[in-house]
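Participant: Here's a structure for you.
The values are calculated or read from the model by the stated rules, or taken from the named source; none is laboratory data. Source: prediction; values computed, not measured. Neighbour counts are summed over all protein chains in view; Cβ atoms, including those assigned to glycine, are modelled from backbone coordinates with ideal geometry.
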Amino acid sequence: MLTLGLLLISCVALYQQWFLRADFYLFDRQQQVLLTSKPADQQIVIIAIDDVSLEQMMQVAGRWVWPRSVHAELIEGLQAFAPQAIAFDILFSEKDIYRPDADSYLNEVLSDYTNVFFSMLVLSSTHIESAAPLLTNWQDLSKGKLHSQAQSSLLLPFAIEPEYWRLGSINYRAELDGVGRYYDIYQQTSDWKIPSLATVLALNHLTELPKQSRVLLNWRGAQQQPYQTYSYVDIYRAVVEQNSDILQQFSGKTVLIGATAAGLYDARTTPINHNLPGVYMLATALDNIKHQDYYRQMSWQAQMILASLLIMLIGLCFYFFEHYSHQLFSLLMIISGSWLAGGYFSIHLLQKNQAFFIASPLLIITLSGVLFAFVFGYVEFLQRRQALSMFGRFLDPKVVLNLLSEGKLDAGFLNQKTSLTILFSDIRGFTQLSEQHSANQVLKLLNDYFSSQVEVIFSTNGTLDKFIGDCIMAFWGAPIASTTQATDAISAALMMQDNLLAFKRNLPEHLQDFDIGIGIHSGEAIAGLIGTAQRVDYTVIGDAVNLASRIEGLTKGQCRILVSEQTMLLAQQAYDFEEVGEFKVKGRQAGVKLYQPTRR
């Protein structure tokens, strides 16, 4: 259910583009890495109206805005060397009422050429009273034919006579993060498709246009000046001085004239430069369309397929791996591998002009992995808490957690008939002791004594079965099978005897009679979960349990520790034994040989 839920959420997230900013961020970083490996088209050059030009043209043309006659001179000078096209990334939206002769000169020059292109803007707000009529056909731009009924808010170059209009829009549209990554092939307004300036220039090159309305730009060159750039003032001087050595460089090339000076405010925020002059964006768009090497963006469905496959892979890992540590390790491998492979794969695709926004699916599977880890981790926590609550009373908590991690705390594993070694330890004269002291004194004495003895049982891999009043019952060999169960039980008994002696040294004079008896027997018994829905205990039952209890009762008047012959035979390699004798035990016809263990 968790996997299905995450698959559904991931589909919605990718369709709604919840992580589009992350996609853009990673895409931009990759673009910067690949930038210098992609050379710019040498047939596209920029004449920049830069700060140097503004300063040095003061003597010739005064302050900006310059007389249009300056541009006319530049056009005439360049046309002598047959450029492919000249395009102005500058708006000539108003006639120069103070210098009408300059406008007239520009129009006169334009009458001789058909390869000069101008810019316009498609305005965002539509006001019919200020709208300009659209052209009936964009191929009729040069003829100035207008359609009186089709209207849109356009900022047109009214300084240029309509018959010389060869126009394209230069609108800049940024994405939600304020960065421009796409370029319009055309803009839809009313029933018209208005081409961009780059589109019009590409048509001048007889280039086949993309079918989509905009393209994802494939940046190239340098971050500051992606294309060959000349200062406007240098080219203007070359025209005036008829310096053919400089001007012949523009032969057969597409010349874009635009502002790069800081004071002219034509900067654009792009993936490669947050203050890139707009003319370079135009050049990049023309380069991309001309060579058809703009990025083909893969659809969100491709992202969904990748994210779904990885989510299902994570789900399968959590399903097939039982141990939480193995689940976390596999999750880490999947997520880290996905980021490494995804980064490499997406850059490889970019080199083939395929844009795959990899960040969204990678973030989705990372967040999905975190959710998987949290859910299964919480389940693991609940299981551990339940296991410790149920079995922590009988077993060392470390043993409980090990059994849980190995999946051995279920009834199928715990309920078994096996060979065990059972120990009973009883306090001698407890009834008389309890009658001579208050309840609080007796209980405190018992609790202090039991706490040290339980630690001994756990330290020797024993299982604490229960407290029966003042008696401790424990066993070895279940739930963890052991070949040293008898040895471990005897070790526990001797350590319990040592604990008793240390415990008595801290008791007052009148409690120095405090003593214990320990009986141990090895044999076959049934170990398992016994109880009701309200309370379950892990215990052992069988004749071996009864005999161990009887042996403990026989320690009175003999010694503190007695073990059966079966236990002695199992532990004789580790301890020495002194035979105490053969005793008659209730419920058995044959006598039972008992032994006292000693350390070697």
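Participant: Which pairs turn up if I take residues in region 240-268 that are among the aromatic types (Phe, Trp, Tyr) and look for partners that are crowded, with 18+ Cβ neighbours inside 10 Å with beta carbon separation below 6 Å, at least 6 apart in sequence or on another chain?
Facilitator: As it stands, the answer is 250/78; 250/83, since those pairs meet every condition given.
Participant: Could you list, in sequence order, the residues of region 527-565 that are more than 60 Å from the chain's Cα centre (by Cα) and without any contact (Cβ under 8 Å) to a residue 12 or more places away in the chain?
Facilitator: The one that is more than 60 Å from the chain's Cα centre (by Cα) and without any contact (Cβ under 8 Å) to a residue 12 or more places away in the chain: 557.
Participant: Could you check, for region 301-308, whether at least one of its residues is over 30 Å from residue 463 (Cβ atoms) and at pLDDT 90 or above?
Facilitator: Among the residues of region 301-308, not one is over 30 Å from residue 463 (Cβ atoms) and at pLDDT 90 or above, which makes the answer no.
Per-residue answers, yes or no, for (1) assigned to a helix (DSSP H, G or I); (2) hydrophobic (A, V, I, L, M, F, W, C); (3) out of contact with any helix residue (DSSP H, G or I) (no Cβ under 9 Å at 6 or more places or on another chain):
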| site | (1), (2), (3) |
| --- | --- |
| 418 | no, no, yes |
| 442 | yes, yes, no |
| 461 | no, no, no |
| 474 | no, yes, no |
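Participant: Restricting region 396-443 to residues that are at pLDDT 85 or above and charged (D, E, K, R), which is surrounded by the most Cβ atoms within 10 Å (Cβ to Cβ)?
Facilitator: The extreme case among them is 426.
Participant: Inspect region 347-370 for any residue being modelled with pLDDT under 85, surrounded by fewer than 17 Cβ atoms within 10 Å (Cβ to Cβ), out of contact with any strand residue (DSSP E or B) (no Cβ under 7 Å at 6 or more places or on another chain) and in a helix (DSSP H, G or I) and give the result as yes or no.
Facilitator: no
Participant: Specify which of the listed residues (340, 331) is crowded, with 19+ Cβ neighbours inside 10 Å, farther than 18 Å from residue 17 by Cβ, out of contact with any Ser or Thr (no Cβ under 8 Å at 6 or more places or on another chain) and not basic (Lys, Arg).
Facilitator: When all the criteria are applied, what remains is 331.
Participant: Right, next: Would you mind finding the one in 77, 5 that is outside the structural domain of residue 310 (by TED's automatic domain parsing) and either assigned to a helix (DSSP H, G or I) or in contact with a Ser or Thr (Cβ under 6 Å, 6 or more places away or on another chain) (or both)?
Facilitator: Among 77, 5, only 77 is outside the structural domain of residue 310 (by TED's automatic domain parsing) and either assigned to a helix (DSSP H, G or I) or in contact with a Ser or Thr (Cβ under 6 Å, 6 or more places away or on another chain) (or both).
Participant: Please go through (1) small (Gly, Ala, Ser); (2) without any contact (Cβ under 8 Å) to a residue 12 or more places away in the chain; (3) surrounded by fewer than 18 Cβ atoms within 10 Å (Cβ to Cβ) for residue 93 and return the number of the only condition it doesn't satisfy.
Facilitator: The number of the failed condition is (2).
Participant: Conditions: (1) at pLDDT 90 or above; (2) basic (Lys, Arg); (3) under 55 Å from the mean Cα position of the chain (by Cα). Residue 38 meets all but one. Number of the miss?
Facilitator: Exception for residue 38: condition (1).
Participant: Restricting attention to region 347-380, which residues are touching a helix residue (DSSP H, G or I) at 6+ places or on another chain (Cβ under 8 Å) and over 19 Å from residue 311 (Cα atoms)?
Facilitator: Those that are touching a helix residue (DSSP H, G or I) at 6+ places or on another chain (Cβ under 8 Å) and over 19 Å from residue 311 (Cα atoms): 347, 350, 351, 355, 380.
Participant: Next question, about the same structure. Is at least one residue of region 254-263 assigned to a strand (DSSP E or B), under 19 Å from residue 40 (Cβ atoms) and of a type in the set (Ser, Thr, Tyr)?
Facilitator: yes
Participant: Same structure, new question: Quick check: is even one residue across region 163-182 over 28 Å from residue 272 (Cα atoms), in contact with a Lys or Arg (Cβ under 7 Å, 6 or more places away or on another chain) and of a type in the set (Gly, Ala, Ser)?
Facilitator: For region 163-182, residues over 28 Å from residue 272 (Cα atoms), in contact with a Lys or Arg (Cβ under 7 Å, 6 or more places away or on another chain) and of a type in the set (Gly, Ala, Ser): absent.
Participant: Let me ask something additional. In the list 597, 508, which residue meets the criterion of being touching an Asp or Glu at 6+ places or on another chain (Cβ under 9 Å) and over 15 Å from residue 474 (Cα atoms)?
Facilitator: Answer to the check: 597.
Participant: Next up: Among the listed residues 163, 208, 241, identify the single one that is loosely packed, with under 15 Cβ neighbours inside 10 Å, under 19 Å from residue 74 (Cβ atoms) and either modelled with pLDDT of 90 or more or not small (Gly, Ala, Ser) (or both).
Facilitator: Result: 241 is the single residue among 163, 208, 241 that is loosely packed, with under 15 Cβ neighbours inside 10 Å, under 19 Å from residue 74 (Cβ atoms) and either modelled with pLDDT of 90 or more or not small (Gly, Ala, Ser) (or both).
Participant: So residue 66 fits all but one of (1) at pLDDT below 90; (2) surrounded by 14 or more Cβ atoms within 10 Å (Cβ to Cβ); (3) out of contact with any helix residue (DSSP H, G or I) (no Cβ under 7 Å at 6 or more places or on another chain); what number is the exception?
Facilitator: So the condition that residue 66 fails would be (1).
Participant: Within the group 319, 324, which residue is out of contact with any Cys (no Cβ under 6 Å at 6 or more places or on another chain), modelled with pLDDT under 90 and exposed (fewer than 14 other Cβ atoms within 10 Å of the Cβ)?
Facilitator: 319
Participant: I would also like to ask the following. With a cut-off of at least 2 residues that are within 39 Å of the chain's Cα centre (by Cα) and in contact (Cβ under 8 Å) with a residue 60 or more places away in the chain, name the strands (runs of 3 or more DSSP E) lying wholly within region 164-233.
Facilitator: 214-216
Participant: Can you find a residue that is in contact with a helix residue (DSSP H, G or I) (Cβ under 6 Å, 6 or more places away or on another chain) and more than 16 Å from residue 464 (Cβ to Cβ) anywhere in region 541-560?
Facilitator: Yes, that holds for at least one residue.
Participant: If you check residue 56 against the conditions, is it on the phi > 0 side of the Ramachandran plot, in contact with a helix residue (DSSP H, G or I) (Cβ under 8 Å, 6 or more places away or on another chain) and not aromatic (Phe, Trp, Tyr)?
Facilitator: Spelling it out, it is not the case that residue 56 is on the phi > 0 side of the Ramachandran plot, in contact with a helix residue (DSSP H, G or I) (Cβ under 8 Å, 6 or more places away or on another chain) and not aromatic (Phe, Trp, Tyr).
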